[in-house]
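Every number here is computed from the coordinates shown, using simple stated rules; none is lab data. Quantities reported herein were computed from a predicted structural model and do not represent experimental measurements. Backbone-built Cβ (ideal geometry, glycine too); neighbour counts: all protein chains shown.
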Amino acid sequence: MNSLQRNKKLLGTPYFIWCAFFIIIPLGMVFYYGLTDRNGSLTFENIAAITQPEHIKGLFLALGLSFLSTIICILLSYPLAMILSAMKVSTKSFVVFIFILPMWMNFLLRTMAWQTLLEKTGVINSVLTFLNLPVLKIINTPSAIVLGMVYNFLPFMVLPLYNCISKIDENVINAARDLGANSIKVFTRIILPLSVPGIISGITMVFIPALTTFVISKLLGGSKILLIGNIIEEEFTQASNWNLGSGLSIVLMIFIIISIIITNIFDKGGESNFL
Amino acid sequence: MFLIAVFLYAPIITLIVLSFNKSKTRAKWGGFTLKWYGELFNNDAIMGALFNTLLIALIASVVSTLIGTIACISIMNLRKKTRSLVMGVTNIPMLNAEIVTGISLMLLFISFNFRFGLGTILLSHITFCIPYVILSVMPRMQQLDPHTYEAALDLGATPVYGYIKVVLPEIMPGVASGFLMAFTMSIDDFIITHFTKGAGVDTLSTKIYTEVKKGIKPEMYALSTIIFLTVLVLLLLVNYKPVDKPKTAAPKQAA
């Protein structure tokens, strides 16, 4: 039995080697480049570079926009998830299907389509002018980026929330009602606390991709609005300053870790799926 | 509810409408045409990118399903401390920003003198697909009753035979949903491919990205309409069978 156990452990060797080579070493290289200058000597300049006005602006803008998008996603998803979990099974699977379907369309194309919709002479504005309403001017503004983020990441908030809410035992809610709780109280004392794990995994799945995106901002924000993701991307693909790019990535990773820690603190139930 | 559905589908309808647009620019409607659908099949660049995308997604999902499933067997048998360490490392590509994963792999390939191309894209895709496989196989593994496997061994099955006959059927739903997740993640990936592809090699995503700057060719809209309808039909077919749908459907969701 003992040798069998050892053999089983050995089965994982390809994966462990893969992990070491393609996850750990690459991360180590980001740290190496981030902490050295072009000549290879140790420096903290690349990390300190985050305080340059252009970089810090990109970071704060990214933090702000992704925070806002996450909030909007929660506000939109919560009622939706509640409606969904109250539906009949047949309609339910149909609605879930409706949510998942768009995710199979290339996300670049979908985001691009918003360009067409939002443009000054785009579809939405044509309709608005036709109805004699004032035109929207949100393309190439931060609002367009928020819209793109909400659009792209909404399903990632709806699905975990829905999974979580639909698992809540009906009897618990009925018991609360029997004990005299009104709808508001049932929501704040029963449903909301029990859906925390769903909110947490939703936040992780929306906030981090939104924080680090460079595609949405590039497509909908025009070339003038730079998020931290755009700055890092340009350091690598255009400026070829890998050291600076890596340094900024380290800063970005620190923010990701902070956001994971914060969400884990709120997830006191210990049911977190992460880490 | 209805409004959100409109919000989700507005861009898709736009794309479908554009694929029938006679005029080449996005801005105006030049009448109905089917010619982009015909030209699509003569456009070598797009067809090549489509082929690359499918090839990479297929190989990456098969390889990552194999490595991931086998790794699960071994992870289950690790001591608790080592196990949580391995799971922690497994979580890195899922939690970390894609852009960081992308550049870290790019730095790796550069320093080890890999030739950028399909190979590097494939290696990166396998890397970020394995965690999804492990996370969907693992819960199945944990629900497994170890005694059935031991019983098989007592009855004279060799370990490998025992795994194939006893364990594999039990964990199959997890393996299948892991495979599907890996496949969709790979097809839809842009960011990591963007950093690890070489010049001249394109997947659909990177092709679209370069075209955005120059103006997207209408053939691309035609292709995405075809893909969308294919997926729609496939999903409708699958929907009639009892499949563990929410799991396969929420790719980013940790199981």
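Counting only DSSP H runs of at least 4 residues, each contributing -39500 (n - 2.57), and dividing by the residue count of chain B, the helix-based mean residue ellipticity at 222 nm comes to -24500 deg cm²/dmol. Here is the list for the range B:90-198: chymotrypsin sites (Phe, Trp or Tyr not before Pro) lying in DSSP coil, each with at most 14 other C-beta atoms within 10 angstrom of its C-beta, are B:F112. Close Lys pairs in chain A (alpha-carbon distance under 28 Å; sequence gap of 8 or more, or different chains): 16. Helical content alone sets the calculated 222 nm signal of chain A at -22000 deg cm²/dmol, taking -39,500 (n - 2.57) per DSSP H segment of four or more residues and averaging over every residue. Contact order, relative form, for the range A:150-260: 24 percent (alpha carbon pairs under 8 Å, 6 or more residues apart, mean separation divided by residue count). For the range B:53-249, the square roots a ≥ b ≥ c of the C-alpha gyration tensor eigenvalues yield an a/c of 1.5 or more together with a/b not exceeding b/c, which makes the shape oblate. How would the protein assembly as shown be classified by its alpha-carbon gyration tensor: rounded, prolate or oblate, with rounded meaning a/c under 1.5 and the a/b versus b/c comparison settling the rest? Rounded. Taking every C-alpha pair closer than 8 Å and separated by at least 6 residues, the mean separation divided by the residue count of chain A gives a relative contact order of 29 percent.
Other protein chain C-beta atoms within 10 Å of residue C-beta, averaged over B:102-114: 6.
Distant-in-sequence amide contacts of A:T36, defined by a placed amide H-H separation under 5 Å and a gap of 5 or more residues or a different chain, comprise A:T43.
Loop sites only, by DSSP: take the trypsin sites (Lys or Arg not before Pro) in chain B that have at most 15 other C-beta atoms within 10 Å and name the longest stretch containing none of them. Longest gap between qualifying sites, sites excluded: B:116-255.
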